[in-house]
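Let me begin by presenting the structure, written as structure tokens, before commenting on it.
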Amino acid sequence: METGIGIDNMKIKRTFLSGVAGATLTAVLALSSAIAFAAGSHDGSHGGKSGIGVPGNAADVTRTIEIKMGDNFYEPEEISIKKGETVQFKIINAGEFVHEFNIGTAAMHAAHQEEMMMMMEHGVLEADKINRDMMKMDMGNGKTMEHSDPNSVLLEPNETAEVIWKFSDDAELEFACNVPGHYASGMMGEVHFE
């Protein structure tokens with residue numbers, strides 16, 4: 001039986017072997033996967049990508065936009081922003097499942113979806129629960145599975161959070177939920193620049 005396992009955005013195939021060799025290979029691949037995942041962009045690098053903006057300062061906020069997350073939709077479905085504007089987003093998860101608000105490009109969301117799938121596979125995310133203690137576990141290299149990027153929040157049902165973001169460019173941006181299956185079912189919205 002063959003399965004795919006993601007390591008650093010690559011897919012490799014592995015065959016389960018019998019006996020001790022198979023158990024050893026499985027353990028090594030699982031550890032490698034966990035270490036690669038922990039070294040992924042959940043260390044804050046999504047927010048540092050050029051073209052999408054930077055974390056904003058509360059003193060520079062020009063307006064507040066409330067974003068309500070339902071089960072696989074956002075309200076509003078699109079937002080208009082001025083280049084250079086600093087916006088405070090008030091995010092409310094009004095759904096029955098865990099949802100994410102993440103500002104990025106379509107390519108950033110595609111890469112992040114792989115990381116979120118790994119979070120599900122490792123038990124960090126459940127349909128309606130975030131196992132926050134597991135997010136903080138040291139994977140042995142000083143990295144964790146924390147979801148602490150400044151352009152993103154991950155919320156359980158009935159939780160709220162804020163994101164303050166300064167939009168620096170008129171890149172093709174989206175806000176999206178990258179929990180497995182949510183983006184594919186339409187949980188994304190467009191950012192339009194005025």
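The values are calculated or read from the model by the stated rules, or taken from the named source; none is laboratory data. Every value quoted in this text rests on a predicted model; they were computed, and no experiment measured them. Don't worry about glycine lacking a Cβ; one is built from the backbone with ideal geometry, like all the others, and counts go over all protein chains shown. Surface areas here come from the heavy atoms of the whole protein model, side chains and all, with no ligands, DNA or RNA. Shrake-Rupley method; radii C 1.70, N 1.55, O 1.52, S 1.80 Å.
Heavy-atom accessible area for His122, with the other protein chains in place and a 1.4 Å probe, reaches approximately 60 Å².
For the range 119-194, carbon and sulfur atoms together expose 44% of the accessible surface, with a 1.4 angstrom probe and every protein chain in place.
Compared with the direct C-alpha span, the chain from His192 to Thr160 gains 9.1 nm at full extension, assuming 0.36 nm per residue.
For the range 66-193, the share of DSSP beta bridges that are antiparallel, to the nearest 5, is 75%. Of the trypsin sites (Lys or Arg not before Pro) found in the range 116-193, the ones in coil according to DSSP and having at most 15 other Cβ atoms within 10 Å of their Cβ are Lys136. Near the amide H of Val179, within less than 5 Å, lie the amide hydrogens of Glu100, all on another chain or at least 5 residues away, with H placed in the peptide plane. With the cut-off at under 18 Å, measuring from each backbone N in the range 85-114 to a point 7 Å along the Cα-to-Cβ line of Asn57 picks out 85-89.
The peptide list 156-162, 58-64, 80-86, put in order of mean Cβ contacts within 10 Å with the highest first, becomes 80-86, 156-162, 58-64. Spin-label pair Ile65-Asp128: with each label point 7 Å from Cα along the Cα-Cβ axis, the two points sit 3.0 nm from one another. Rolling a 1.4 angstrom probe over the range 56-116 with all protein chains present gives an accessible area of which 47% lies on carbon and sulfur atoms.
Taking label positions 7 Å along the Cα-Cβ direction at both Lys136 and Ala110, the computed distance is 3.6 nm, reported to one decimal. In the structure shown, the pairs Lys68/Lys166; Lys82/Lys136; Lys68/Lys136; Lys136/Lys166 are assessed against 31 Å; a Cα-Cα span above that value is assigned to Lys82/Lys136. Net charge in the neighbourhood of Phe193 (other residues with Cβ under 11 Å of its Cβ; Lys, Arg +1, Asp, Glu -1) is -4. Rolling a 1.4 Å probe over the protein heavy atoms gives the range 99-178 an accessible area of 43 Å² per residue.
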